[in-house]
Each structure stands twice: as C-alpha cells, then as structure tokens.
1. Treating cross-link reach as a plain straight distance, find the aspartates and glutamates whose alpha-carbon is under 12 Å from the alpha-carbon of Lys4, omitting any fewer than eight places away in the same chain.
2. So, with +1 on the Cβ of K and R and -1 on the Cβ of D and E, and no other charges, what is the size of the charge dipole of the chain about its Cα centre, to the nearest 20 debye?
3. Quick check: residue separation of Gln57 and Asp28 times 0.36 nm, minus the Cα distance between them. What number comes out in nm?
4. Compute the helix-to-body angle for 11-28: its Cα long axis versus the longest principal axis of the chain, expressed 0 to 90° and rounded to tens.
5. Treating the angle as unsigned and between 0 and 90°, give the value, to the nearest 10°, between the Cα long axis of helix 34-51 and the longest Cα principal axis of the chain.
6. Aspartates and glutamates near Lys17 by alpha-carbon distance under 18 Å, same-chain residues fewer than 8 away left out - which ones?
7. Local charge sum around Asp53 (other residues, Cβ-Cβ under 14 Å, Lys/Arg +1, Asp/Glu -1)?
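Derivation of every value follows stated rules applied to the coordinates shown; laboratory data play no part. Note that the structure is predicted; figures quoted are calculated from it, not measured. Methodologically, a virtual Cβ is constructed for each residue, glycine included, from the backbone with ideal geometry; neighbour enumeration extends over all protein chains shown.
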Amino acid sequence: MLEKRPGKPTDQDETEKAYQILFKAVQDNAAIEPTLWAGAFWSCIVNGYRNCDMTYQEFCQELDSVREFFKTEWDSP
C-alpha cells in the first residue's frame with residue numbers, strides 16, 4: 001500500500017496557487033471546450049497517481065474519498 005506523504009502547513013496555499021494557474025489557463029484558452037479541459041485534467045490526475053506508484057485499487061479508494069469531499073460543494077447553493 002502506498003504510504004501517504006505527511007501534510008505540510010503550506011499544502012492548502014500551494015494547492016490554491018496551482019488551482020489559480022490552471023483556472024487562468026482555462027480562461028486564457030476559451031476556444032478549448034470545458035469538457036475537453038476536464039478530460040485533460042483527469043489525464044493529469046491519473047498520471048500523477050500512477051507516477052507515485054499508487055495501485056489502481058488505491059486510486060479508486062482515493063477517488064471515493066474525493067467524491068465524498070466534494071459532494072457538499074456540489075449540493076450547496
């Protein structure tokens with residue numbers, strides 16, 4: 001089983017920086033349809049997990065966890 005890296009106090013700030021970079025890339029390239037961006041992001045996500053030697057089963061467990069985390073965001077007004 002993959003050992004998760006310990007969290008760092010800067011993780012949320014670094015995640016926000018990465019999000020802003022990606023969001024700006026989407027805005028700056030409006031000719032690319034949103035669903036195609038989603039496909040590109042998913043490919044990057046999968047590649048990232050594969051590169052850290054996560055098994056497919058671990059990846060699926062991580063997806064379930066992420067899905068639960070974002071459910072509240074999805075359901076909020």
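1. Result set, ordered by chain and number: Asp53, Glu58, Glu62.
2. On the way: 8 positive and 14 negative charges, 30 e Å.
The dipole magnitude comes to about 140 debye.
3. Numbers: separation 29, 0.36 × 29 = 10.44 nm, distance 3.58 nm.
Extending this stretch completely gives an extra 6.9 nm.
4. Between helix and principal axis, roughly 30 degrees.
5. 20
6. Partners found: Asp28.
7. Numbers: positive: Lys4, Arg5, Arg50; negative: Glu3, Glu58, Glu62.
Surrounding charge for Asp53 is 0.
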